[in-house]
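The values are calculated or read from the model by the stated rules, or taken from the named source; none is laboratory data. Worth saying up front: this structure is predicted, and the values here are computed from it rather than measured. Note: ideal-geometry Cβ built from the backbone for every residue, glycine included; neighbour counts use all protein chains shown. Heads up: the accessible areas ignore ligands, DNA and RNA and are worked out on the full protein's heavy atoms, side chains in. Shrake-Rupley method; radii C 1.70, N 1.55, O 1.52, S 1.80 Å.
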Amino acid sequence: MSVLKVFRHDVPASIVVFLIAIPLSLGIAAASGAPLLSGLVAAVVGGIVVGLLGGAPLQVSGPAAGLTVIVAGTIGEFGFAGTAAIVALAGGVQILLGVARLGRAALALSPAVVHGMLAGIGLVIALSQIHVVLGGAPQSDAWHNVRELPAQIMGIHGASVLLGLLTMGLLVLWPRLIRTSLLPAALVAVVVTTVLAAAIGADVQRVDLPGNPLAELTFPRWPDAGPGPIALAVLTIALVASVESLLSAVAVDRMHDGPRADLNRELVAQGVGNTTSGLLGGLPITGVIVRSSTNVGAGARTRASAILHGVWIAIFVLLCAGLLEMIPMAALAAVLVVVGLRLISLAQIRTYIRHRELPTYVITAGGVVLTDLLTGVALGLAAAVAVMLWRVARCEARVVESETGEWVVTLTGTLAFIGSGRVARALATIPAGRSVAVEVHLDYLDHGAFQIIEDWREAYEKAGGTVTVRETHDGWFHRATSGRLGDGKTTPRRFGSWSQWQDLDRQKRDAMAAGIQEFERSVAPLVRPHLAGLARDGQAPEQLFITCADSRLVPNLITTSGPGDLFCVRNVGNIVPRFGDGDSSVGASIEYAVEVLNVRTITICGHSGCGAVRALMTGGFAPDSSLGRWLHQSGVQFADCEDEERCVTTNVAQQLANLRTYPAVRAAEAAGRLTLTGLYFDLAEARMYTVDESQGTRAPVPMPAAS
């Protein structure tokens, strides 16, 4: 990127991140029981060192609230100089993990455990720092903080309470009142309370920094402890810092459309950063989602923003330390209370409720609060494994009588011998001598469970009943019985057309009704939980997908997407009329998608053999007809175009240009919140190509970048 673009985008973003990093770094150091300078050292190293080496260019690293509890415990056991040595060693472990290319392995940890851990840490931070806001001191653990809180609230308070409550109020209200990233709420809150404290001459505890920061750095010293406790502390900091950094990098990837993160390189960079920070007497470093999201939102384009933010902190500490010493500690504690509570995300809780992982989240968080971090994470992992085993071994059996008198048994999930008793009890409820259809949607069927169903079938048919087995997954019964049961159809019918699974006479008579019946019987049991969640929570699609109404083009099939993924607009020729011209239905969909649904991408997809493009090429339509007036809104002229494929891609490029005539689209694209793409689908090849908007040519869709 050119120097001009760095000055235009990255320098302003770096200043915004610098402004929010100062109070957070001081507050995290205070909450950890570490020297305040150590938080600033970690912020400088995280910005400059990790910014230079990192594999996630837009991620900003520094001291993180998620490590506060761990660091506080480590300092209490080994002292700060010993903790600095442990941080340096933890960085070495991270380097080894990155060199061994284990970056992705860290993401195998259940997100419910990770977020539950962060929620527990956030609650511990909030419970301890609220005592500082109220003019007291934090207790030794969360239980004692809760027990002493009523007495602290009823006690005698000084100006610190006013300053702390004002800080929290500004942190909550400022983003809602002033919508600009140039004035971060944390900075505004700390500055306002600092000025107020100075104006009223409040006698409160303030930030205390050494007069000569470089001369007062705390260098590491080997901890006075056995190898076991030291190794445990090193591994704890290394693993928690690694997981938090990698999860943050993945989250930041979703916020921008630039290069994807190289997680192994990022892990090595985090290790180098922690080793450097430990050797200089700094706190441990992780990728921090608060600073990173601020960085992306402020318009950063390259790693220059993260590096410069570290430079600004270093200059400020060396030249303006006196200003920092005016900040009341109650204000920093209030910042940490809000930051801690924000680690408990209601959106994540709703997600885990929807995915039935809330027990794992709650057990992890509760374990961290009531015991310690390692015990809490261990309890969370045990809960995650228990939930997984429960799901793996769970099979749902549903028995209903249809309107035609046929009894339908639907088996979904995984059926092993330990769950076969439930199926046997369900089958036993079916009256004798009836027609029974067994709908099988199983991920796995072991021989013991199969034998129970097979024995029931044989006994039921001997008693005068009939049993038909229909399968839409892997054909467990078809393979096991070598054709004796079922019809052998193992291809999911939803991927085929009516003609592929209906006889010709049935197609002619009631294809739609038969298709609906097939959906309700074969597909609905698979998608019902997901659709129920969408019905409850509403839609939040990733993309607006504008394509042709051609019956051969199936958007969800060619994009391997499902319910809730695409907001679709289909019309003849995938045309987007220019803003203010003619038909407004397409424009209404565009504005709704951008302004209400907040889609991040709009894709226009043309295809080979497009009848609308052929009509434009040949002029084979009446100009005053509805079709003629509609095609005229495309804005393309194909009088000299003989190559149909080039005409289709040219049409896609023109519709992208028409799309940019909409003010909502231009504003969102300029703000970096929206990306426009063009695609060409070759029906004969069943292959997708990207469209070069400037030249109207096609190219293979690039493979996703691997980390």
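Computed quantities for the displayed model
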{"quantity": "Å² of accessible area per residue within region 394-471, as computed with a 1.4 Å probe and no ligands counted", "calculated": "48 Å²"}
{"quantity": "For region 175-296: rounded, prolate or oblate by the Cα gyration tensor [a/c cutoff 1.5]", "calculated": "oblate"}
{"quantity": "Apportionment of accessible area to carbon and sulfur, the chain, percent (1.4 Å)", "calculated": "62 percent"}
{"quantity": "Scattering profile of region 54-160 at q = 0.09 Å⁻¹ [log10 I(q)/I(0), Debye over alpha-carbon scatterers]", "calculated": "-0.36"}
{"quantity": "Long-range HN-HN contacts of Thr601 with modeled amide H, under 5 Å", "calculated": "Leu544, Thr675"}
{"quantity": "Share of pairwise Cα separations in region 266-410, more than 17 Å, in percent", "calculated": "80 percent"}
{"quantity": "The chain, relative contact order [Cα under 8 Å, separation at least 6], %", "calculated": "15 percent"}
{"quantity": "Shape category assigned to region 85-142 from the gyration tensor of Cα positions, a/c cut at 1.5", "calculated": "oblate"}
{"quantity": "Degrees separating the helix 329-342 axis from the principal Cα axis of the chain, which is the longest one", "calculated": "10 degrees"}
{"quantity": "Label point distance in nm, Val400-Thr371, each placed 7 Å from Cα along Cα→Cβ", "calculated": "4.4 nm"}
{"quantity": "Relative packing of peptides 440-451, 402-413, 29-40 - highest average C-beta neighbours within 10 Å first", "calculated": "29-40, 440-451, 402-413"}
{"quantity": "Loop trypsin sites (Lys or Arg not before Pro), region 120-183 (other Cβ atoms within 10 Å of the site Cβ: 12 or fewer; DSSP)", "calculated": "Arg179"}
{"quantity": "Amide H contacts of Ser435 (H built 1.01 Å from N, under 5 Å, at least 5 apart or other chain)", "calculated": "Trp407, Thr466"}
{"quantity": "Ratio Rg/Rh [Cα only; Rh per Kirkwood] for region 595-666", "calculated": "1.03"}
{"quantity": "Cα gyration tensor shape for region 213-253, rounded if a/c is under 1.5, else prolate or oblate", "calculated": "oblate"}
{"quantity": "Backbone N under 14 Å from the Arg221 label point (7 Å along Cα→Cβ), restricted to region 78-95", "calculated": "78-86"}
{"quantity": "Principal axis dimensions, largest first and in whole angstrom, of region 1-131 by Cα", "calculated": "49, 37, 31"}
{"quantity": "Mean Cα-pair separation over length for region 577-635, i.e. relative contact order, pairs under 8 Å, 6 or more apart, %", "calculated": "37 percent"}
{"quantity": "Cβ-derived FRET efficiency at R0 60 Å, Ala664 paired with Glu325, nearest 0.05", "calculated": "0.80"}
{"quantity": "In region 323-376, trypsin sites (Lys or Arg not before Pro) in a DSSP loop with at most 14 other beta-carbon atoms within 10 Å", "calculated": "Arg356"}
{"quantity": "Debye, to nearest 20: dipole size of the chain, +1 on Lys, Arg Cβ, -1 on Asp, Glu Cβ", "calculated": "300 debye"}
{"quantity": "√(5λ) per eigenvalue of the Cα gyration tensor, the chain, largest first, Å", "calculated": "54, 38, 22"}
{"quantity": "Length-normalised contact order of region 162-248 in % [C-alpha pairs under 8 Å, at least 6 apart]", "calculated": "21 percent"}
{"quantity": "Descending Cα extents along the principal axes, region 562-637, whole Å", "calculated": "38, 29, 18"}
{"quantity": "12 Å reach of a label modelled at Val311, 7 Å along Cα-to-Cβ, counting backbone N of region 290-304", "calculated": "304"}
